[in-house]
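To start, the structure itself, in structure tokens.
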Number of protein chains: 2
Amino acid sequence: MGRGRRTPRQTDIARIAGVSQATVSVVLGGNRTGVRLSERTRLRVLEAAEQLGYVPDPVATRLASSRDNLIGVYRFAFPAEAYYPILAGVEAEAATLGKDLIMFTASSAERDHLGIRRTRLADCCLFLGHEAPAEPVRALAASGFPIVYIGHRPELGDVVPYVGGDYATASADVVTRLVRAGHRRIRYLSSGCADREQGVLAGAARHGLVVPTSDLASATLLTWAREGVTALIVTSALYPAVDRALRSAGLSVPADFSLAVLGTPHPEVSGFEEPRRALGQEAVRLLADLLDPAGEPGAPHRLLPCPPVPGKTIAEVREGHIHGL
Amino acid sequence: MGRGRRTPRQTDIARIAGVSQATVSVVLGGNRTGVRLSERTRLRVLEAAEQLGYVPDPVATRLASSRDNLIGVYRFAFPAEAYYPILAGVEAEAATLGKDLIMFTASSAERDHLGIRRTRLADCCLFLGHEAPAEPVRALAASGFPIVYIGHRPELGDVVPYVGGDYATASADVVTRLVRAGHRRIRYLSSGCADREQGVLAGAARHGLVVPTSDLASATLLTWAREGVTALIVTSALYPAVDRALRSAGLSVPADFSLAVLGTPHPEVSGFEEPRRALGQEAVRLLADLLDPAGEPGAPHRLLPCPPVPGKTIAEVREGHIHGL
DNA sequence: CTGAAAGCGCTTACAG
DNA sequence: CTGAAAGCGCTTACAG
């Protein structure tokens, strides 16, 4: 065991090589300032470093240079499976840029949001998930530390750059798909996803056809069927409840109702996809742009298209009659 | 955007409060050295810190104090699902000790094992998975940096402390369970897991009954059945292949053969459990002990018991005849 | 061409 | 009771 063996520093190398510590730093740093250096000195330093098994102290390096080529990723807990595609995207893009990743996880013991601050061990940081307390994140961003949120959190205001899916557009497109399929009487079951809701209402305004509601009792569904409603739009969160309500009303999809979901609860259900992997990649790119002084000013956000999922729950309606796909 | 706003440091607080930077440090550090401090000064400092939204720089803190209350967790890639229980154990125990976690991931761009070295941003580090290159890990441990490997990697020699399952004992117990169930002719299908193999052979030596082999052709299985072999022992890795071979030979478990697996491919299969969560917890405890100067010297390892999984694939044998459970 | 100095933002002995 | 100094291990201007 090397318990007693002190880890070697640049001064140790300097002593052996017979040069100053600063020269050691220049040599080991690849001499990027283009200082003139005798080859002999260079080799002596390199040899001594090798001999001692020198490894730079990342903490000192970071303090002195204020860059460590590290991208932080902050999550409130170890990432759930749903985050994997995002993380894969992050990893791929980070590798492309030659950056390493470092993940921060708030422990349950976290009182004073120290975890969020600790984030500054890296050059910059990505934030994932909506559990992180908003205020410390906002403060961090306001202090000039480059961060990018993956997913939009309106509570953060516009000081925090983010990437997200363009759910508004995708939701409006869902309305359009239904209208194209011939639907005229459509109910939208709202559950408070601001951007999706805005999209649906925008689509609705364009076609004047969608009625928002929050009632999903089986009895209501039967009434709608009688009134000639042919399609339902629901959020992913509401999908299971609606599915149950339809079953208990004895109604089937898409025979009695066409069903469009603002998300992808299941590949057979018509809706749209969250571009998870692309979100991860784009987040890293945005972060890189923020680090670059020539990059975009302000707190930019980037919205990524959400590809439609055709699914099997939208039927064609012709002359008031529902036809199978 | 606070682009221009410099993040406040202790000197800024000192200027406002009219004290020295060192005093600020003492006040904010909770005055753990027990320096006498006038309450007035203390409040002035706290107020100025609050007003400026001061947040300590973790890098500087770590460099100056050489402790940052952070436990590193190193993995070669984002952890696969199988690691979740381990990570949950790590997280729980870290929270108990009031330590935060920081995860290091080697990017694909990793040439010179910088990722492993970067580990020193934390006070100490846990290593997970056998993909990490052995040499840099060994060097890190030899330099006196406290690390603990989760899982035993014999290539690392004995400089690296580790926690692992006691697979040797659990494997020997598997043999004993078969013997207790009346089995006398047992075949062990070896696949090169050193500790498990050693356990099986130790168990075998005790009972003089197990014949190791590496042949798992269907024909061989039929021959064994004819010879009166009543039980097979296989590793988890081999289980699918053996299962296929048995099927294609038209043999069924446990009617024709009892089957014991050195692991848990499926809860219905008799074998033993890897104590994943406990491994995570114990690893953190060992790390804490290593950090404590009064703790164990050398490179200790701790082996955790692997609880038996009863399963349904071991039948009783009485007077040479196989009976159902 | 090379070395000595200052500084990154903190903590921790040590003087007054 | 409080402040000034030294130092953590590096990088990066700046003198010789």
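Quick notes
- Where residue A:8 falls short, out of the listed (1) in contact (Cβ under 8 Å) with a residue 40 or more places away in the chain; (2) within 11 Å of DNA strand D (Cβ to nearest atom); (3) not hydrophobic (A, V, I, L, M, F, W, C); (4) not in a loop (DSSP other than H, G, I, E, B): (4)
- In the set (1) of a type in the set (Lys, Arg); (2) farther than 30 Å from residue B:260 by Cα; (3) away from DNA strand C (no atom under 16 Å from the Cβ), the condition left unmet by residue B:153 is number (2).
- Residue in the range A:24-41 that is nearest to DNA strand C (Cβ to nearest atom), counting only those that are farther than 14 Å from residue A:65 by Cα and of a type in the set (Gly, Ala, Ser): A:38
- Residue count, the range A:58-69 (criterion: at the interface with chain B (Cβ under 7 Å from one of its Cβ atoms) and either exposed (fewer than 13 other Cβ atoms within 10 Å of the Cβ) or not in a helix (DSSP H, G or I) (or both)): 0
- Of all the criteria given as (1) away from every other protein chain (no Cβ under 14 Å); (2) of a type in the set (A, V, I, L, M, F, W, C); (3) in a loop (DSSP other than H, G, I, E, B); (4) near DNA strand C (Cβ under 9 Å from one of its atoms), the one not satisfied by residue B:55 is (1).
- Residue in the range B:64-93 that is farthest from the chain's Cα centre (by Cα), counting only those that are within 16 Å of DNA strand D (Cβ to nearest atom) and within 18 Å of residue B:290 (Cβ to Cβ): B:66
- Residue B:281 fulfils the conditions (1) modelled with pLDDT of 90 or more; (2) more than 14 Å from every other protein chain (Cβ to nearest Cβ) except for a single criterion, (2).
- Candidates B:261, B:242, filtered to the one that is among the β-branched types (Val, Ile, Thr), outside any helix (DSSP H, G or I) and in contact (Cβ under 8 Å) with a residue 24 or more places away in the chain: B:261
- Given (1) in contact with a Lys or Arg (Cβ under 8 Å, 6 or more places away or on another chain); (2) part of a helix (DSSP H, G or I); (3) within 14 Å of DNA strand D (Cβ to nearest atom), number of the condition residue A:19 does not satisfy: (2)
- Among the residues of the range A:24-56, those identified as buried (at least 17 other Cβ atoms within 10 Å of the Cβ), under 25 Å from residue B:60 (Cβ atoms) and touching a residue at least 12 places away in the same chain (Cβ under 8 Å) are A:24, A:25, A:54, A:55, A:56.
- Residue in the range B:227-235 that is crowded, with 19+ Cβ neighbours inside 10 Å, without any contact (Cβ under 8 Å) to a residue 60 or more places away in the chain and part of a helix (DSSP H, G or I) present: no
- The set of residues in the range B:58-69 that are more than 10 Å from DNA strand C (Cβ to nearest atom) and among the hydrophobic types (A, V, I, L, M, F, W, C) is empty.
- Residues of the range A:264-284 that turn out to be of a type outside the set (S, T, N, Q), in a loop (DSSP other than H, G, I, E, B) and within 18 Å of the chain's Cα centre (by Cα), as a count: 3
- Residue check, residue A:96 more than 7 Å from chain B (Cβ to nearest Cβ) and within 20 Å of residue B:69 (Cα to Cα): no
- Odd one out for residue B:71, checked against (1) at negative phi; (2) modelled with pLDDT under 90: (2)
- Of the residues making up the range A:22-36, those that are away from every other protein chain (no Cβ under 13 Å) and either under 28 Å from residue A:94 (Cβ atoms) or away from DNA strand D (no atom under 11 Å from the Cβ) (or both) number 5.
The values are calculated or read from the model by the stated rules, or taken from the named source; none is laboratory data. Note that this is a predicted model, so its numbers are computed, not measured. Counting neighbours? That spans all protein chains shown, and the Cβs are built from the backbone with ideal geometry, glycine included.
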